[in-house]
1. If you take just the helices (runs of 4 or more DSSP H) that sit entirely in region 1-73, which of them hold at least 3 residues that are modelled with pLDDT under 95?
2. Quick one: how many residues across region 87-101 are out of contact with any helix residue (DSSP H, G or I) (no Cβ under 7 Å at 6 or more places or on another chain) and either within 18 Å of residue 55 (Cα to Cα) or in contact (Cβ under 8 Å) with a residue 40 or more places away in the chain (or both)?
3. Of these, 43, 24, 62, which one is crowded, with 21+ Cβ neighbours inside 10 Å and free of Cβ contacts under 8 Å to residues at least 24 places away in the same chain?
């Protein structure tokens, strides 16, 4: 079993402590893997996940994107709440040139609302 697979098990294990799950979410930032990214998004958007863990999932996703030098708009669009806020915070700190990719949904909503009036 790969280390990232064990980290995913911990992150998704509702019997694990919040501290263990949060550490697993942060440790997953070292692995640019489709399964890791998908799991971080799932955990970040799960209503039963603690806010601290959701925040770490969002930050880890941003770290993966920065390390790989690739902004994934479709992944970003799936984030919400504290996970999205932490993702954006990290991007603002590390990749100022990516700021134009942020708030994609907000711009689209504003444009749709303007066309309705």
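1. So the answer is none; nothing clears 3.
2. 3
3. Residue meeting the stated conditions: 24.
The values are calculated or read from the model by the stated rules, or taken from the named source; none is laboratory data. Values in this document were obtained by computation on a predicted structure and should not be read as measured data. Glycine also receives a Cβ, built like all others from the backbone with ideal geometry; neighbour counts cover every protein chain displayed.
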